[in-house]
Amino acid sequence: MTVTALGAAVRRKEDHRFITGKGQYTDDINRPGQAQAYFLRSPHAHATIKGIDLSRAKGMPGVVAIYTGDDVAADKVGGLICGWMIHSKDGTPMRAGPHPILAQGKVRYVGDHVAVVIAETLSQAKDAAEAIVVDYGVLPANADTSKAQGAPEVHSEAPNNTVYDWHIGDKAATEAAFKAAKHVTTLEIVNNRLVPNAMEPRAAVGEYDAGNDALTLYTTSQNPHVARLVLSAFIGIAPEHKLRVIAPDVGGGFGSKIFIYAEETVCVWAARKCGRPVKWTADRTEEFLCVAHGRDHVTHAELATDAEGKITGLRVKTIANMGAYLSTFASSVPTYLYATLLSGQYAIPNIYAEVDAVYTNTAPVDAYRGAGRPEATFVVERLVEAAAREIGMDPAAFRRRNFVTKFPHQTPVIMMYDCGDYKASLVKAMEMADVKGFGKRRREAAKRGKLRGLGYSTYIEACGIAPSQAVGSLGAGVGLWESAEVRVNPVGTVEVLTGSHSHGQGHETTFAQLVSSRLGISIDNVSIVHGDTDKVQFGMGTYGSRSGAVGMSAISKALDKIEAKAKKVASHVLEAAEADIDFKDGKFTVKGTDKSVDFGTVALNAYIAHKFNPQELEPGLKEGSFYDPTNFTFPAGCHICEIEVDQETGVATIAKWTAVDDFGNVINPMIVEGQVHGGIAQGVGQALLEGAIYNKDGQLVTASFMDYTMPRADDLPSFDVGMTVTPCPSNPLGIKGCGEAGAIAAPAAVINALTDALGTEEVPMPATPQALWTVIQKQSRAAIAAE
Amino acid sequence: MYPFKYQKAATVRGAVSLLGKAEDPKLLAGGHTLIPTMKQRLASPKTLIDLSGAGLSGIEQKGRNIVIGAMTTHAEVAASPVVQQAIPALARLAAHIGDPHVRHRGTIGGSVANNDPAADYPAALMALGATVHTSKRKIPAEEFFAGMFATALDEDEVITKIAFPVPGKAAYVKFPNPASRYAIVGVFVAKKGSQVKVAVTGAGSGGVFRHTAMEEALAKRFNPKSLEGVATPAADLNGDIHASADYRAHLVGVIAKRAVAAAMA
Ligand SMILES: Cc1cc2nc3c(=O)[nH]c(=O)nc-3n(C[C@H](O)[C@H](O)[C@H](O)COP(=O)(O)OP(=O)(O)OC[C@H]3O[C@@H](n4cnc5c(N)ncnc54)[C@H](O)[C@@H]3O)c2cc1C
């Protein structure tokens, strides 16, 4: 039997299914009698709905039903919720406006859901939607984060469009640190808004079983159990035992499929109401308009240093755009997922952060790959790089002077770093990147008319989300443990039921590797079951790089129990005392003898139950576990970007990329590298290419790939990826998590390289050719003026 | 998409007669512009007349011209030994349109008929002094392009082929839109004997245009240096989120120099 060890770079088991087109995505699911839903969406960013005339539309061919906000209200269907309570400085709870699944009286962004048309075909639904007459009273709108406070009111519940004004850290101590500082570095930072753009757009099929009065929702979700909980307990669709949520193969999420959306809720509600299965698949434009966007911060950031180049304080004021409604976890992203990471890899004695969350007439903003941590890393790493340059220190040396070196380390902003070796990853990355040879490469580039720069990003993130009591005390509405159930079949094959959800991460392989290495069976004899609330009892899903650290830890705990019970069974089969049984490489052996029995035989004996007294030892071999982590995990590392700017055109080309990450123990290095590559691609996308742009009327200008620049292979260099390992002490497997690192590290590395190349700190994101050309023009005008 | 009738023409005459008879017709070539606009319900022709069976694809050298059938795909032009040998700049232009899907469906006739202000081919037609052959006449490129998405074509007229005179030296350099990869600025430079033509696509608010100031400078001396100080007024140029009119004006100068350098190489 071939065992696949932890640390083996085996190919992904699931890929054959995906690359041969045999995956089963939500849009592949069709139910008998199914009708198609189409959403009539607001063309205005802000308007009252004075009336909706459905009379002509209702008579159109193929129309099954048309529902509006009035029907939702009449059925007493609850609104969408935000599951994390944040309190303002004065202790008052955040001020959230209602978030109905179909607009009631008012629309608040372009794409807001006005009505749903359900028809025999999608074309008929669209035709009928065109026949709906909506009488809008257009209101002035605002999409601009920095202008939100004072702009037309989006929700009457949130005066001044402010959801909360929150803070963290010691204000007085930080002010004192700044007063005493030798040097203060100040940056104005805009963290650009991004559209997640998973390859698979969102989709849903709702179905009602009148015989059992039960509902099923197939949906593109990263966490089907959380979706069921919210739909059931808060929105009131059906009690949990009457609602099954299935998230089958899901083609990428990046956070955007964590949230509970209006469309899927409408599908499952309408299925019962109209008595037909109801299907909806977003087209790409709908995804651009209505999927939860990411980032969108405006920040004033300052760093205080003393005469020795030690950081003495960090202070930020951030305005975070929430969009027009609070999405499921929106409130936590710019607070506990952001400001708690502002210490970076550094021992900073004083930190104070203020965050205002604001409503605007834009799509809701929520967690997107990294969620708060990319924004924090960008602030810290831009400040550190700029400070080093201002005080005339080498940026690497400045970092080393300020690194945390003793663990555990308590930061002033909640987090307790458990382990790490920041110097090791920096040194290794500098060697791999040949930082020594950079001067020569820069001079050579200058001869070709190119400005070459080098930038670091020594990032940290908090993953393995999260200890339930800790997040509960910070306002989370849920616990963040994970569950696992290991079912051993009589023939010795294994099914693992997990509350984690794979939508590209490769769980079917890595989770099977854990089982294989522990039980000594082939990974082909292990199947990973996930994504169905009728199969898996409960789970919290996949996001925040938690599936390894938390999800696999739960499996590991369940495997401990399997092993313990199997030993008992083996002791009866081998007729030896339990204490004398060893389990290794899939074999139970009586210590000091050659008497042994393999795992499969023990499994069979557990089920036939002939060799032991079932009154003393229960038959069967199935164990479960709920694992709650003891701490966050803290992946960290160093990325180095070398970039060249064409002075004539402003085009930036990444010449070299080095990444050295510490993810703790690694299960499958090939999959980890893939995660790093994808993360860097998204981070480079944010830094150089991507940006959601709304015009002053609140129209999304970048609503298609013709205008929204997704990173492509030829935008990226070949990545040089290395690792250092400090095993994580906070979970049984020593795993930290790798899913978001690239996206967290990359933007600062790129912009630090560009600011180095151009010799100015004023480089905006995304640093498009036009943006860089504008910077270069400004510099040459300033140079001429100076002469 | 709204419902429509599909008809396939077996000949150019057949296509023309269908254009005259059918209700609200539109010719279908590669469909790479037409079909997406129909899907978005921005266009709603009642009849589509497919040209794929009308015998309009193929590339041949006829005397001092390269003649390309209207239904020839970008991939065919890019891979054609005839084009590569006679007008390598044209083959390279075709090789950088869109992505492989687009190049294997999109056609030269469709591109030219559509006259997207950011399309690549119009610059080649203008700089090379090409002639557009239609079902009823021959139209010089100069007269064919009539502003953004507008051409000299009549409603019942079908492009059959395009004839490109072989230049002495030529090059096309494109500064792509980072998102769509259409041209933000594309400059085609062609030199034939003492005559130099410089055509700019992507930048002009009226679509492709000849840059006569550059042509005069280059006619004196065909060298990138000749373009130094030759202005491109921003007033007539497009501006969008990717490139303001000023940036485009600047890029026209930079890209033109690179095109001249490439033509000399
Ligand atoms: C993703 C994408 C990227 C692209 N990138 C580029 C790019 O970088 N550069 C570029 O230049 N182009 C680009 N294109 C455009 C593409 O290359 C085609 O040239 C364009 O779509 C039109 O050609 P078609 O054959 O598809 O024409 P169709 O879409 O079939 O037709 C276009 C129009 O021309 C008319 N028409 C077609 N043939 C004739 C004819 N023989 N006589 C008269 N009228 C006719 C049609 O009625 C229609 O109005 C891109 C397209 C896509 C979808």
For this session: Per DSSP H run of n ≥ 4, the term is -39500 (n - 2.57); total these for chain B, divide by its residue number, and report the mean residue ellipticity at 222 nm rounded to 500 deg cm²/dmol.
Result: -9000 deg cm²/dmol
Exercise. How high is the relative contact order of the range A:672-757, in percent, counting Cα pairs under 8 Å that sit 6 or more residues apart?
Worked result: 49
Problem set entry | Between the range A:599-632 and the range A:460-499, the Cα center-to-center distance that results, in Å | 20
Exercise. Using a Förster distance of 30 Å, how high is the FRET efficiency between A:Lys561 and A:Thr92, based on the Cβ-Cβ distance and rounded to 0.05?
Worked result: 0.05
Exercise. Pick from B:Ile49, B:Ile68, B:Ile241: which is most flexible by mean-square fluctuation in a GNM of chain B where alpha carbon atoms under 10 Å apart are linked?
Worked result: B:Ile241
Exercise. Which one of B:Gly204, B:Gly106, B:Gly55 has the biggest mean-square fluctuation once chain B is modelled by GNM with Cα springs under 10 Å?
Worked result: B:Gly55
Exercise. Given a Förster radius of 56 Å and the C-beta distance between A:Lys179 and A:Phe538 as r, what FRET efficiency does 1/(1 + (r/R0)^6) yield to the nearest 0.05?
Worked result: 0.60
For this session: Just give the residues from the range B:155-190 buried by at least 30 square angstrom of accessible area in the all-chains context relative to the isolated chain, probe 1.4 Å, and say none if nothing qualifies.
Result: B:Phe175, B:Pro178, B:Ala179, B:Ser180, B:Arg181
Problem set entry | Max mean-square fluctuation residue, GNM over chain B, Cα-Cα springs under 10 Å, options B:Arg248, B:Arg64, B:Arg92 | B:Arg64
Exercise. What does the convex hull of the Cα atoms come to per residue for the range A:481-627, in Å³?
Worked result: 105
Seminar exercise, completed: Residues other than A:Leu559 with Cβ under 10 Å of its Cβ, Lys/Arg counted +1 and Asp/Glu -1, net out at 0
Problem set entry | Under 18 Å from the Cα of A:Lys13 - lysines, other chains or at least 8 residues apart | A:Lys22
Problem set entry | Part-to-part distance (alpha-carbon centres) for the range A:30-106 and the range B:70-101, which is given in Å | 50
Problem set entry | Amide hydrogen neighbours beyond the local backbone of A:Tyr136, cut-off 5 Å, H modeled | A:Lys50
For this session: Two decimals is fine: what is log10 I(q)/I(0) at q = 0.15, 0.18 Å⁻¹ for the range B:118-157, from a Debye sum with one equal scatterer on every Cα and no solvent?
Result: -0.33, -0.48
Problem set entry | Residues whose placed amide H lies under 5 Å from that of B:Leu237, excluding near-sequence neighbours | B:Ser205
Seminar exercise, completed: Share of accessible surface on carbon and sulfur in the protein assembly as shown, whole %, 1.4 Å probe and ligands ignored, is 52
Exercise. Heavy-atom accessible area per residue, the range A:1-144, 1.4 Å probe: how many Å²?
Worked result: 47
Exercise. In percent, what relative contact order does the range A:249-325 have, based on Cα pairs under 8 Å that are 6 or more apart in sequence?
Worked result: 21
Exercise. Over the range B:169-264, how many percent of alpha carbon pairs lie in each 10 Å bin up to the one with the longest distance?
Worked result: 18, 54, 24, 3, 0
Problem set entry | FRET efficiency, B:Lys225 to A:Thr186 (Cβ-Cβ, R0 30 Å, nearest 0.05) | 0.10
Exercise. Any idea what diffusion coefficient the range B:59-165 gets from Stokes-Einstein, in µm²/s, Kirkwood Rh on alpha carbon pairs, 20 °C, 1.002 mPa s?
Worked result: 158
Exercise. In vacuo Debye scattering of the range A:306-380, one point per C-alpha: log10 I(q)/I(0) at q = 0.14, 0.26, 0.27, 0.28 Å⁻¹?
Worked result: -0.47, -1.19, -1.25, -1.31
Seminar exercise, completed: Residues hit by the 30 Å² burial cutoff in the range A:666-711, accessible area with a 1.4 Å probe, assembly against chain on its own, are A:Met706, A:Asp707, A:Thr709
Exercise. Any idea what diffusion coefficient the protein assembly as shown gets from Stokes-Einstein, in µm²/s, Kirkwood Rh on alpha carbon pairs, 25 °C, 0.890 mPa s?
Worked result: 77
Exercise. Does the range A:365-423 come out rounded, prolate or oblate by the C-alpha gyration tensor, with a ≥ b ≥ c the root eigenvalues, rounded set by a/c under 1.5 and, if not, prolate when a/b is larger than b/c and oblate if not?
Worked result: oblate
Seminar exercise, completed: Relative contact order of chain A (C-alpha contacts under 8 Å, at least 6 apart) in percent is 16
Problem set entry | Coarse-grained scattering of the range A:1-143 at q = 0.09, 0.12, 0.20, 0.21 Å⁻¹, given as base-10 log I(q)/I(0) from a Debye sum over alpha-carbon atoms | -0.49, -0.71, -1.21, -1.28
Seminar exercise, completed: With label points set 7 Å from each Cα along the Cα-to-Cβ direction at B:Thr37 and B:Tyr6, the distance between them in nm comes to 2.0
Problem set entry | Span from the the range A:229-262 Cα centroid across to the the range A:314-348 one, whole angstrom | 25
Seminar exercise, completed: Of all GluC sites (Glu not before Pro) in the range A:176-280, the ones in DSSP coil with at most 15 other Cβ atoms within 10 Å are none
Problem set entry | When each of A:Lys557/A:Lys584; A:Lys171/A:Lys423; B:Lys5/B:Lys39; A:Lys106/A:Lys147 is checked by Cα-Cα distance, pairs over 26 Å | A:Lys171/A:Lys423
Exercise. Between the DSSP loop rule and a limit of at most 12 other Cβ atoms within 10 Å, which trypsin sites (Lys or Arg not before Pro) in the range A:411-467 are left?
Worked result: A:Arg448
Seminar exercise, completed: A student applying the Cα gyration tensor rule (rounded when a/c is under 1.5; otherwise prolate if a/b is larger than b/c, oblate if not) would label the range A:201-244 oblate
Exercise. Is the range A:573-684 rounded, prolate or oblate when judged by the Cα gyration tensor, a ≥ b ≥ c being the square roots of its eigenvalues, rounded requiring a/c under 1.5 and prolate requiring a/b larger than b/c?
Worked result: prolate
Problem set entry | Accessible surface buried once A binds B (1.4 Å probe; total of both sides; Å²) | 1900
Seminar exercise, completed: Using a 1.4 Å probe on heavy atoms of the protein chains only, the accessible area for A:Met540 in Å², nearest 10, reads 10
Problem set entry | Filtered trypsin sites (Lys or Arg not before Pro), the range B:164-222: DSSP coil and at most 13 other beta carbons within 10 Å | B:Arg221
For this session: Give the whole-number value, in cubic angstrom per residue, of the convex hull volume spanned by the C-alpha atoms of the range A:648-786.
Result: 159
Exercise. What does the charge add up to near A:Thr411, with Lys and Arg as +1, Asp and Glu as -1, over the other residues with Cβ less than 15 Å from its Cβ?
Worked result: 0
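The values are calculated or read from the model by the stated rules, or taken from the named source; none is laboratory data. Just so you know, these numbers come straight off a predicted model, no measurement behind them. With ideal geometry, Cβ positions are generated from the backbone for all residues, glycine too; neighbour counts draw on all protein chains shown. We work out accessible area using only protein heavy atoms, side chains counted, and drop any ligands, DNA or RNA first. Shrake-Rupley method; radii C 1.70, N 1.55, O 1.52, S 1.80 Å.
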